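The values are calculated or read from the model by the stated rules, or taken from the named source; none is laboratory data. Just so it is clear, the model here is predicted, and its values are computed rather than measured. Here Cβ is always computed from backbone atoms with ideal geometry, including for glycine, and neighbour counts include all displayed protein chains. Calculation scope for accessible area: heavy atoms of the full protein, side chains included, ligands and nucleic acids excluded. Shrake-Rupley method; radii C 1.70, N 1.55, O 1.52, S 1.80 Å.
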Amino acid sequence: LSKPFTHADLVQKLEALEVSKKTSGGAEPASWSETFAPEGNLASIPFVRVLYHLFVTGATGTLRLVQNDIKKLVTFDDGEPKFVVSNLERECLGRLLVAKGRLSDEECRVSLEAMAKLKKRQGETLIQLGLLEPYELDEALRNQAREKFCEIFAWRDGTYSFVAGKGIDKDLTPLDINIAQLCLRGVRQHYNLSSLQTALASYINAAPKFKRGGTFSVEDFRLATWDARLVPKIKQGKTLAETLKANLTREI
């Protein structure tokens, strides 16, 4: 818009952009805004904010995250995270199954040695060794993908960079869960009370504004029974501080 412009000019431009978006089929991802670069530091821009930006702009490409020696790649398709790759040893399938008590350390070690001889992935090797049932493998791989992704919510520093275009090889297990649930799971697992208080400090005396057609609906989160009971307590005009004072939540 050329300055000066009127309120009517702004409305007309927005309506034209909306029509353009609907007719284009979303083939071209929205450009990065001046305040949100395609690369940066997670200490200043938290992962959840990076994630939200990629989602609302419908980005397709690969997000690279680095923290010291840890590296992760997350593929996005039209704003949704689809696949994740990690170099963390504890996030390999065998180690995760050990952590959950499904395998012993010795069984995990044996499977790793057998992988090289059989030239198969660890999941297939575990089945061939009789250490894992075939029906268990699919769920184990999905849990592995989700845990690799949600672990990024624990990062309080590190760098990110996003490259638009075709992502990593799709011969991987998809996350297979929507972004709202992934965010809820990541926050539950990797935000303690102190970090939540810090994140919400600037909103403590603000009242929520309800609107239809937002980015997410309450249903998108598939809340547990207790959480679902709390949602009606969040009322228009009541600040977050006032809601918390109602002593509605369980002690954790």
For the chain, take the longest principal axis of its alpha carbons; what is the angle in degrees between that and the long axis of helix 7-24, to the nearest 10 within 0 to 90?
30
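For region 120-200, what is Rg from Cα atoms divided by 2.2 N^0.38 Å, rounded to two decimals? It would help to have the intermediate numbers written out before the result.
Values: Rg = 16.4 Å, N = 81, 2.2 N^0.38 = 11.7 Å.
Working it through for region 120-200, the quotient is 1.40.
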So, relative contact order of the chain in percent, Cα under 8 Å, 6 or more apart, is 20
Run the accessible area of the chain with a 1.4 Å probe and give the carbon-and-sulfur part as a rounded percent.
54
Output ³J(HN,Hα) for region 117-124: one whole-Hz value per residue in order, computed from phi by the Karplus curve 6.51 cos²θ - 1.76 cosθ + 1.60 with θ = phi - 60°, and x for Gly and Pro.
6, 7, 6, 10, 5, 5, x, 5
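Per residue, what accessible area does region 125-252 have, given a 1.4 Å probe and all protein chains present, in Å²?
Details: 8690 Å² over 128 residues.
On a per-residue basis, region 125-252 sits at 68 Å².
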What residues of region 184-208 lie in the reach of a label at LYS245, counting those whose backbone N is under 18 Å from a point 7 Å from the Cα along Cα→Cβ?
201-208
Which angle from 0 to 90°, rounded to the nearest 10, does the C-alpha axis of helix 134-150 make with the longest principal axis of the chain?
50
Return the single residue from LEU63, LEU230, LEU182 with maximal mean-square fluctuation; model: Gaussian network over the chain, springs between Cα atoms under 10 Å.
LEU230
Based on alpha-carbon centroids, what's the gap between region 92-120 and region 160-205 in Å, whole number please?
28
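Take every Cα-Cα pair in region 150-234 and report what % of them are more than 17 Å apart.
Working: 2454 of 3570 pairs.
Roughly 69 percent, once rounded to a whole number.
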Give me P(r) over the chain, computed from all C-alpha to C-alpha distances, binned every 10 Å, as integer percentages.
6, 22, 29, 25, 12, 4, 1, 0
How tilted is helix 47-56 with respect to the longest principal axis of the chain? Cα atoms for both, answer in degrees (0 to 90, nearest 10).
70
